[in-house]
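The values are calculated or read from the model by the stated rules, or taken from the named source; none is laboratory data. Not measured: the values here are computed from a predicted model. Methodologically, a virtual Cβ is constructed for each residue, glycine included, from the backbone with ideal geometry; neighbour enumeration extends over all protein chains shown. For the accessible areas, the whole protein counts, side chains as well, though only heavy atoms, and no ligand, DNA or RNA atoms are used. Shrake-Rupley method; radii C 1.70, N 1.55, O 1.52, S 1.80 Å.
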Amino acid sequence: MQNSSALVLTVAERIDDKGDIMRLTLTGEGPLPEVAAGAHIDLLVETPEGPIWRQYSLAGDPADRTQWQLGILKDPDSRGGSVALHQLVKAGETVHVEGPRNHFPLAQADHTVLFGGGIGVTPMLAMAWELHAKGADFTLHYATRSAERCAFADVLPGLPFADNVVLYHDDAQKLDLDAVMPAPNPTTHVYVCGPQGFMDWVIAHAEASGHATDHVHREYFSADVDASGDSFDVECAQSGLTVTVGPDDTIAKALAREGLKIEVKCEEGICGTCVTDVLEGEIDHRDQFLTEDEREDNDQICACCSRGRGKLVLDI
Ligand code: FES
């Protein structure tokens, strides 16, 4: 995992691309922090309701420390961050950024298959850059609803790994997972990013094909998280504080009301900012961030959305 830091970067270029996707090129005064493919940054967004942080994957060549490239989908159904960014961001202005952080790194593999659905192509492009630089064997399958909604279409043919990219459009040549899913193999890894339905489809197909869960890597952009449930108590071992988390409350909010702050960013269980160590108790995981193995360890919780069954003791 890379170190996280606060940065003020300049929007060197804004391109309003197909599919309601805004492409941004961010630059700094000197070399940008090192990144590996799969990394994302947190971008501060000033919404009418106040400042919020949103997470965006880096889409450019990870080896290029002169610029970072983002693709930001304007999603009116999201909680307002992307719509505000589309309205506010202008070339030449500055933005506040934290990161980079990487919860979606490439594993060592003989063969890598990348599936990007819509805006989910962004981390896949960075992965393709990195795999190409290593001379690795890989294919990027990029699916969009139509050619009219296919962002990055203008740059794809000129990329040095253009021959490794296969485009699909739902209204023309649709992605056929039966045809392109690789056979399971200990040295083959599959990566998927995109809308929830796309991800569920690819993940289910990969696992049904026999791929081990830890060889099917996934990055969620947003999640329909249900954080409600029965009340439970949370005891904080270090501070001595105990709170009750009500049916529609979260651990982070309940503790914040008592003055104990756990940092949160996405508040929907996808970024990992709020992960907190658990000393005792049974966790009811609601996030998309922790892996199955981490869940089974029962010693970490995403405090923005996950719950306890009975009492939890946290190491804070
Ligand atoms: S704040 Fe993002 S996972 Fe909890």
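Across the range 234-249, the number of residues qualifying as more than 16 Å from the ligand (Cβ to nearest atom) and in contact (Cβ under 8 Å) with a residue 12 or more places away in the chain comes to 11. For the range 123-174, the tally of residues that are open to solvent by 50 Å² or more (accessible area, probe 1.4 Å), farther than 19 Å from P195 by Cα and assigned to a strand (DSSP E or B) stands at 1.
For the range 112-122, the tally of residues that are in contact with a helix residue (DSSP H, G or I) (Cβ under 8 Å, 6 or more places away or on another chain) and part of a helix (DSSP H, G or I) stands at 2. Residues considered: A172, A84, A107. Of these, the only one that is at pLDDT 95 or above and of a type in the set (G, A, S) is A107.
Scanning the range 237-246 turns up no residue that is part of a loop (DSSP other than H, G, I, E, B) and under 26 Å from T144 (Cα atoms). Looking across S231, S222, one residue alone is within 30 Å of Q108 (Cβ to Cβ) and touching a Pro at 6+ places or on another chain (Cβ under 9 Å). It is S222.
Taking the criterion of being part of a helix (DSSP H, G or I) and either of a type in the set (A, V, I, L, M, F, W, C) or within 14 Å of the ligand (Cβ to nearest atom) (or both), the residues of the range 250-306 that qualify are I251, A252, K253, A254, L255, A256, E294, R295. Listed by position, the strands (runs of 3 or more DSSP E) enclosed by the range 42-101 that each have at least 2 residues that are in contact with a helix residue (DSSP H, G or I) (Cβ under 6 Å, 6 or more places away or on another chain), touching a residue at least 40 places away in the same chain (Cβ under 8 Å) and surrounded by 17 or more Cβ atoms within 10 Å (Cβ to Cβ) are 50-57, 68-73. Any idea which residue in the range 1-18 is farthest from V97 (Cα to Cα), counting only those that are open to solvent by less than 60 Å² (accessible area, probe 1.4 Å) and within 19 Å of the chain's Cα centre (by Cα)? Among those that are open to solvent by less than 60 Å² (accessible area, probe 1.4 Å) and within 19 Å of the chain's Cα centre (by Cα), it is Q2.
Tell me which of these D224 doesn't satisfy, since it passes every other one: (1) surrounded by 13 or more Cβ atoms within 10 Å (Cβ to Cβ); (2) under 15 Å from the mean Cα position of the chain (by Cα). D224 satisfies all of (1) surrounded by 13 or more Cβ atoms within 10 Å (Cβ to Cβ); (2) under 15 Å from the mean Cα position of the chain (by Cα) except (1).
Can you tell me which residue among A183, A109 is in contact with a helix residue (DSSP H, G or I) (Cβ under 9 Å, 6 or more places away or on another chain) and of a type outside the set (S, T, N, Q)? Just one listed residue meets the conditions, A109.
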